[in-house]
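Student: Dropping the structure in here first, questions after.
The values are calculated or read from the model by the stated rules, or taken from the named source; none is laboratory data. Bear in mind that the values here come from a model prediction, so they are computed numbers and not experimental data. Using ideal geometry, Cβ is built from the backbone for each residue, glycine included, and neighbour counts are taken over all protein chains shown. These area figures cover heavy atoms from the full protein model, side chains too; ligands, DNA and RNA do not enter into them. Shrake-Rupley method; radii C 1.70, N 1.55, O 1.52, S 1.80 Å.
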Amino acid sequence: MKILKINSYDEKISKFLFNLKNKGYVRNNSINNKIINYQNHKNWLIKFLKKNILHIITLNKQMAGYIRLKNNKSYKDCSWAILKKYQGKGLALKGLNASTKKKSKYRALIKINNIASKKVAEKANFEPKLIRNNIQYFYKN
């Protein structure tokens, strides 16, 4: 497994993220679960990469998922997704641990019924705190 830090827009990575984000099992567990059109996604990604961090998780030179860190005033908001065929291999946990090593405050907002992501967050030393509107807040310092 390798983790690639993405600093600038790349069409191949953009298409991978777009396809992954629009998969039903990813949308169902996302806070924003609407289908995205490609042009809006592309514009969002270009803007996102200017101020935030994106890590692509690869396995055997194949893109398997991502860890996204969005800078907020107080926290780096973390989110992640892994292609179904790579799930259950510990990639999300390894990726999240590697992405949250720096001294910073991290937060993950996870739907309360997303058991797999809640387990990943807890194994990565995020602590569950409050629940608001069916979303559980996890924190790591």
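Student: Between Ile35, Ile6, Ile31, which is within 24 Å of Asn97 (Cβ to Cβ) and at pLDDT below 95? Steps first, answer last, please.
Tutor: Numbers: Ile35 fails: within 24 Å of Asn97 (Cβ to Cβ); Ile6 fails: at pLDDT below 95.
Result of the check over Ile35, Ile6, Ile31: Ile31.
Student: For segment 108-135, name all the residues that are more than 16 Å from the chain's Cα centre (by Cα) and closer than 16 Å to Ser30 by Cα.
Tutor: Ile112, Asn113, Ile131, Arg132, Asn133, Asn134
Student: Can you give me the number of residues within segment 19-29 that are touching a helix residue (DSSP H, G or I) at 6+ places or on another chain (Cβ under 9 Å) and free of Cβ contacts under 8 Å to residues at least 12 places away in the same chain? Can you show your working first?
Tutor: Taking segment 19-29 as the starting set, the residues that turn out to be touching a helix residue (DSSP H, G or I) at 6+ places or on another chain (Cβ under 9 Å) are 20-23, 25-27, 29.
Checking the rest, the ones that are also free of Cβ contacts under 8 Å to residues at least 12 places away in the same chain come to 27.
Looking only at that region, the number is 1.
Student: So, one more: Out of Ile3, Ile13, I need the residue that is over 19 Å from Tyr139 (Cα atoms) and either among the acidic types (Asp, Glu) or in a strand (DSSP E or B) (or both). Which one?
Tutor: Values: Ile13 fails: either among the acidic types (Asp, Glu) or in a strand (DSSP E or B) (or both).
After ruling out the rest, the residue left standing is Ile3.
Student: Taking segment 1-18 only, how many residues are open to solvent by 90 Å² or more (accessible area, probe 1.4 Å) and either within 26 Å of Ile135 (Cβ to Cβ) or free of Cβ contacts under 8 Å to residues at least 24 places away in the same chain (or both)?
Tutor: Looking only at that region, the number is 2.
Condition check ((1) in a strand (DSSP E or B); (2) free of Cβ contacts under 8 Å to residues at least 60 places away in the same chain; (3) exposed (fewer than 14 other Cβ atoms within 10 Å of the Cβ)) across all residues:
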| position | (1), (2), (3) |
| --- | --- |
| Phe48 | no, yes, no |
| Met63 | yes, yes, no |
| Arg68 | yes, yes, no |
| Trp80 | yes, yes, no |
| Lys94 | no, no, no |
| Lys103 | no, yes, yes |
| Pro128 | yes, yes, no |
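Student: Applying the selection to segment 105-118, what residues are in a helix (DSSP H, G or I) and out of contact with any strand residue (DSSP E or B) (no Cβ under 6 Å at 6 or more places or on another chain)? Please lay out each step first, then the result.
Tutor: Step one: of segment 105-118, the residues in a helix (DSSP H, G or I) are 115-118.
Listed by number, the residues that qualify are Ile115, Ala116.
Student: With the structure loaded, tell me whether Asn52 is at pLDDT 95 or above, more than 14 Å from Ala116 (Cβ to Cβ) and over 14 Å from the mean Cα position of the chain (by Cα) or whether it fails that test.
Tutor: no
Student: Return a yes/no flag: does segment 105-113 have any residue that is within 17 Å of Asn7 (Cβ to Cβ) and open to solvent by 60 Å² or more (accessible area, probe 1.4 Å). Give the steps one after another, and end with the answer.
Tutor: Let us first name the residues in segment 105-113 that are within 17 Å of Asn7 (Cβ to Cβ), namely none.
No - not one qualifying residue is present in segment 105-113.
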